[in-house]
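First comes the structure, then the notes that go with it.
Rule-based calculations on the coordinates, nothing more; no lab input. Because the structure is predicted, anything quoted here is derived from the model rather than measured. With ideal geometry, Cβ positions are generated from the backbone for all residues, glycine too; neighbour counts draw on all protein chains shown.
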Amino acid sequence: MAGTRAIKQTLRDKRTLRRVDELVQCGLVSEHDAPALERVAARYALGVSPAMLDLIDSRDPGDPIARQFVPDRRELVLTPEERVDPIGDYAHSPVKGIVHRYPDRVLLKPTHLCPVYCRFCFRREQVGPEGETLSAEELSAAFDYIRSRPDIFEVIVTGGDPFVLAPRRIGEIVRALDGIAHLGVIRFHTRVPVVAPDRIDEDLIRSLAAQKTLYVAIHANHPREITPAFRAACRRLAHAGIALLAQTVLLRGVNDDASVLETLLRALVAAGVRPYYLHHPDLAPGTSHFRLSLDEGRCLVAALRGRISGLCQPTYVLDIPGGAGKVAVGPSGAVSLGDGTWQIIDRAGRRHHYPSTEES
């Protein structure tokens, strides 16, 4: 009960928790665990926003919201396969703030700050309060890189979380990208509509005004994150003509259940947000307690077939370690029999013969 009172007081104060002792005061971690968690927080940034605190059930030791944001001593356990740079950002960064892994698109990372810090983040070695924000000169050099390469069709503004920037700075980025003739799409990746929905105000929305098509891809992992405030933030974005996508990370103890995923994906679609990717968790340091096997992930995705419409189905992807890019890893309903014919597996697991369509 004391923890609940402390959480309510924190919500009234509108404070983001950034220290382990604050988590102890709120009853989210015990004093016994605090020394180990101090070591975790010294290595990986800590931040729990008021909106997320409001969703945590402090009586549930396995609460799926707390699991995403409250440090865990298992983060100090490193496994041989884990990597400081699991998807190869460093190797594909020709200019500060740019990651160029694919011929037709680049990431632009104007900041490494976030409104919260997810315990499973694949950039956890880069983000945090000490993380860099590009200077005006560095941002200008990043724009020059994009301008000089006409093959670039899409720029994905990410980080960190670009929506922590002031609307004035967001507007400057949008206007600069909007003025590059060969670009077709501007995309922002953000957690803000979930973790700090009040930031999606008129000033921020005005900063996103562009002649080019602009998408906002929102990171959401659990049905409880789809709150009235989240839905209102999405409506404000949609009414401004901004297309909305969702990305979800498949996480043990958070959403590794077909019913949970079904509820989340339907809730996103009902809020006007199209599920885009379901990410297999990356090999980030200290995150093995979140990772499922590919077999487990494929079984979950297969269980969604027939339960939710195609509009609700994201593509299950794995980002190949080292920077080779994303690949779809979901189960296939078609098996080649080697003679031009196929065996097709329906949503109930029944197998059907499909004839060869090759000319004889």
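The tail of the calculated P(r) for the chain beyond 24 Å holds 60 percent of all Cα-Cα pairs. Against the empirical curve 2.2 N^0.38 Å, the C-alpha radius of gyration of the range 246-316 lands at a ratio of 1.07.
Length gained on full extension, ASP33 to ALA328: 102.3 nm, using 0.36 nm per residue less the C-alpha separation. Projected label points at ALA238 and ASP346, each 7 Å from Cα along the beta carbon direction, are separated by 3.3 nanometres. Distance between the pseudo-spin-label points of ALA270 and HIS182 (7 Å out from Cα toward the beta carbon): 4.5 nm. For the pair GLU130 and ARG175, label points projected 7 Å from Cα toward Cβ lie 3.5 nm apart.
Please list, in order, the residues from the range 173-215 whose amide nitrogen is less than 17 Å from a point placed 7 Å along the Cα→Cβ vector of ASP144. Those under the cut-off are 176-177, 180. Peptide packing: for 161-173, 46-58, 25-37, the average count of neighbouring Cβ atoms within 10 Å per residue gives the ranking 46-58, 161-173, 25-37, highest mean first. For the range 211-252, just say rounded, prolate or oblate: build the C-alpha gyration tensor, square-root its eigenvalues into a ≥ b ≥ c, call rounded for a/c under 1.5, and beyond that prolate if a/b exceeds b/c, oblate if not. Note, shape of the range 211-252 comes out oblate.
Can you tell which of ALA210, ALA220, ALA45 shows the greatest fluctuation in a Gaussian network model of the chain with Cα springs below 10 Å? Taking springs between Cα atoms under 10 Å, the residue moving most is ALA210. Starting from the Cα gyration tensor of the range 73-121, take the square roots of the eigenvalues, sort them a ≥ b ≥ c, and report rounded, prolate or oblate (rounded when a/c is under 1.5, otherwise prolate if a/b is larger than b/c, else oblate). Verdict is oblate for the range 73-121. Counted residue by residue at 0.36 nm each, then reduced by the alpha carbon distance between them, the extension gain from THR357 to ASP60 reaches 101.3 nm. Most tightly packed first, judged by the mean number of other beta-carbon atoms within 10 Å of their residues, the peptides 141-154, 333-346, 101-114, 238-251 read 101-114, 238-251, 141-154, 333-346. When the square roots of the Cα gyration tensor eigenvalues are ordered a ≥ b ≥ c, the ratio a/c for the range 170-218 is 1.5 or more and a/b exceeds b/c, which makes its shape prolate. Within the same chain, aspartates and glutamates fewer than 8 places from LYS212 are excluded, and of the rest, those with a Cα less than 14 Å from its Cα are GLU154, ASP178. In terms of the mean number of neighbouring beta-carbon atoms within 10 Å, the peptides 273-282, 303-312 order highest first as 273-282, 303-312.
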